[in-house]
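Participant: The structure is given below, and queries will be raised subsequently.
The values are calculated or read from the model by the stated rules, or taken from the named source; none is laboratory data. Given the structure is predicted, the values throughout are model-derived calculations rather than measurements. Neighbour counts are summed over all protein chains in view; Cβ atoms, including those assigned to glycine, are modelled from backbone coordinates with ideal geometry. These area figures cover heavy atoms from the full protein model, side chains too; ligands, DNA and RNA do not enter into them. Shrake-Rupley method; radii C 1.70, N 1.55, O 1.52, S 1.80 Å.
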Amino acid sequence: MVLHTSPYPSAFFSFLSRLSWAFVFPCYWLLDRLLASCVATSLEKRIRSQDPCSFLALGVLISTPLYLVLLLASLPFAFIGFLLWAPLQTIRNPYIYSHQKADKHGAEHGTSAGTRAALAEWRPQGRSFCFGSANVCLLPDSLARFNNLADTQRRAREVGKRIRNGASRPQIKIYIDSPTNTSISAASFCSLATQGFRRTSSLDHRPEPVVTTETETEALTECPVHPSGGTGSDCPIHSTGAQNSSECPLHPNGEEHAPDCAVHQFADPHSSVDCPVHSNIIQNSEHCPLHPAGVQISITSPDSEPTEAEKGNHQNWDGDMGSLESRTASRESLVRFHAADGGISPNNTLSQHRTSVFKRPIGRKRRHGDDSFDHEISAFFPANLDFLCLQEVFERRAADRLRRQLQRYFPFVLSDVGRYGWKGCFSQFKFLNSGLLLASRYPILDAHYECFPNGRSEDALAAKGVLFAKVQVGRSAQDQRIVGYITCTHLHAIEGDSSVRCEQLDMLLEWGAEFKRATSGPMDEEKVLEDQVAFDVILGDLNFDNCSSEDKLEQQHGLFTHYKDPCRLGPGEDKPWALGTLLDTSGLYDEEVSSPESLQKVMENEEGRKEYLVFPASKNHCPSQKGRKIPLKGNGRRIDYILYKEECLQQDWKVDIEEFSFITQLAGLTDHLSVAARLVVSTGEEET
């Protein structure tokens, strides 16, 4: 397949399209402003109620008649432009592919970091990839106001900044060893732009002890040998004379230097001042297995060196921070640390940066059993985000602003996806495209778009459909391309139309199988080896949840037999930690949820979730969420999904999930929470 880099097959048709839009745009803009002046957001209503004579109120009174007069004057030009524009849509390409090449100061031959990673040979143990999905509600301003959102152009630019800043920072996790607590608590990822850190792969589940705390540890209050609290005579610590005994209390059979001893394999039991068995003074020691270093920090950054554009993002934090300007707002981590390998100054602190704290259970296996992966509510998009699928990127100018921001981190973008006019979706006229956008750090090899033909009501005015993409993520030792398949979609939104959504899911599976068949074979005669498939992922807003009784048909669809939902236990039942992603629009401008950090805190609280999330409909459903006392099922309506296939086409290859995140970084910019997942692709080989 050929990727379309222009909306039309020739420059002449592109010129005619720009000319026709120049005639139509004044009428479109004036109509949008006129309708927007009639629909106020809750924030604007609050301002007007506090000051009826405010500039905002006076501006509406003056501008509305002016918009109306100018709109009537622009109608003849808009009609001429429409007559020229409408026929051109029959030959318009269904998407635009753009590749942001490195500048002259970038990598050699203009190759980006993602491209270098895609061309590099895979490590035997595999690789991890991070996927994100978000509904950003970038409708024309007048339509966005029905969702209590305004200023689409500003929001588009800010959405791009926040996503880029969140994804381009290093990933820092703090692992806390606790012999008595095997639970896991994840706060959020750290936003830290600094130099000199030792870099580790995100594939590492248990990092080496690169960083340890420098402050003294408090006296041991719980015995590390029997944490139940007993002080019996059989305890090697509490027994009389054990600390100064010539015989090691951990193996009293006389084998003072047994190789399997947890004490002797690191230090002399008679001279160590760090071991809690042989000393009255308890101190941190990275050698003693009874109290290993309390804090370990793992820092993950992209596998390859960043491009100049990416480096520029780290050098301009003050002027382009987005939501990251409030780094000290919540959960500050006052941790002094030093690097074991001398790579960092011992006096540096993390006091100005957010961190992710994990209590690492002993012997925990992440890849077996339920909830064998990390899950969190994060105020930031995951570091090293590889693929991003956005929905409701409808407004053309906003889409261009968003794309320019994203391409400073994602070199490869598919935008302006869908069709307008009559072609592509039978006889239904499409005023809006599909609203889909796919951004990738890896090269896109093929792409294909299909439009749903069964849209109803106001949903039929948009060309909602499915965007399929094939990306290259590496090469095998036999010089085979290693690829992945990504499906982005946005299903029918009208409540009660379960049959429509089920039909669309059927079409999605059918079209996806056809796309894989069409792109799996050799592309030319010289290519002999077929591609190896690393992953197959579906991302998007499916407009149904797994708890509502009205969505039973979708919950039982065959899609979930082919793809795994990491948040789902079964039809009608989510995992306890799963969170709704649809926000109550009436509370978008409340101070409690006005920033990513504050929204994160609210989502971590059950009462906060009841206040600001939309919940599954019930017989006792009331128009307003706030103050509701009736029992609520689940943790809100989760309509944004990331699904993946566990089994790859290659024998012994397997896809597993490493972490799942509900993200609040777009607080105040959209009515959805974003979601992200990091997948690990293992090849079943052992590294030699």
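Participant: Can you figure out the FRET efficiency of Ile494 with Leu529, using R₀ = 45 Å and their beta-carbon distance, to the nearest 0.05? Walk me through the intermediate numbers first.
Facilitator: Details: r = 46 Å, r/R0 = 1.03.
According to the calculation, E is roughly 0.45.
Participant: Using 0.36 nm per residue of separation minus the Cα-Cα distance, give me the extension gain between Ala22 and Leu66 in nm, one decimal. Walk me through the numbers before you get to the answer.
Facilitator: Details: separation 44, 0.36 × 44 = 15.84 nm, distance 2.07 nm.
In short, 13.8 nm is gained.
Participant: With each pseudo-label sitting 7 Å past Cα toward Cβ, what's the Glu458-Glu647 distance in nm, one decimal?
Facilitator: 4.4
Participant: Still on this model: With all protein chains present, how much of the accessible area of region 392-496 (probe radius 1.4 Å) comes from carbon and sulfur, to the nearest whole percent? Don't skip to the end; give the middle numbers.
Facilitator: Values: 1560 of 3260 Å².
Percent of accessible area from carbon and sulfur atoms in region 392-496: 48.
Participant: Residues of region 515-601: accessible area per residue at 1.4 Å, in Å²? Could the numbers behind the result be given before it?
Facilitator: Numbers: 3720 Å² over 87 residues.
Result: 43 Å² per residue.
Participant: Explain nothing, just the number: relative contact order of region 419-482, from Cα pairs under 8 Å at least 6 residues apart, as a whole percent.
Facilitator: On the way: 97 pairs, mean separation 20.6, N = 64.
About 32 percent, as a whole number.
Participant: Give the long-range amide H neighbours of Leu613: residues separated by 5 or more places, or on another chain, with amide H under 5 Å away, using H modelled in the peptide plane at 1.01 Å from N.
Facilitator: The list, which skips near neighbours in sequence, is Asp584.
Participant: On to the next question. So what J values fall out for region 450-458 if you push phi through Karplus, 6.51 cos²θ - 1.76 cosθ + 1.60 with θ = phi - 60°, rounded to Hz, Gly and Pro as x?
Facilitator: 10, 9, 5, x, 10, x, 10, 6, 5
Participant: Further question on the same structure: Can you give me the solvent accessible area of Lys423 with a 1.4 Å probe, rounded to the nearest 10 Å²?
Facilitator: Accessible area of Lys423: about 90 Å².
Participant: Scan around Ser128 for amide H atoms under 5 Å from its own, H built in the peptide plane at 1.01 Å from N, and keep only partners 5 or more places away or cross-chain.
Facilitator: Amide H neighbours of Ser128, under 5 Å, 5+ apart: Val681.
Participant: Given C-alpha coordinates of region 447-592, what is the ratio Rg to Rh with the Kirkwood estimate of Rh?
Facilitator: On the way: Rg = 18.4 Å, Rh = 17.6 Å.
That ratio is 1.05, to two decimals.
Participant: Extending each Cα 7 Å along its Cβ direction at Glu503 and Leu83, get the distance between those two points in nm, one decimal.
Facilitator: Going by the 7 Å Cα→Cβ label model, 3.6 nm.
Participant: Then there's this: Working out 0.36 nm times the residue gap between Lys101 and Ser520, then minus their Cα-Cα distance, what length gain in nm do you get to one decimal? If you can, show how the numbers build up before the last one.
Facilitator: Details: separation 419, 0.36 × 419 = 150.84 nm, distance 2.70 nm.
Taking Lys101 through Ser520 to full extension adds about 148.1 nm, to one decimal.
Participant: On to the next question. Extending each Cα 7 Å along its Cβ direction at Leu35 and Leu569, get the distance between those two points in nm, one decimal.
Facilitator: 4.3
Participant: Which trypsin sites (Lys or Arg not before Pro) does region 441-491 hold that lie in a coil by DSSP with at most 13 other beta carbons within 10 Å? Walk me through the numbers on the way to the answer.
Facilitator: Values: sites: Arg441, Arg456, Lys464, Lys470, Arg475, Arg481; in loops: Arg441, Arg456, Lys464.
When the trypsin sites (Lys or Arg not before Pro) of region 441-491 are filtered for loop state and at most 13 Cβ neighbours within 10 Å, Arg456 remain.
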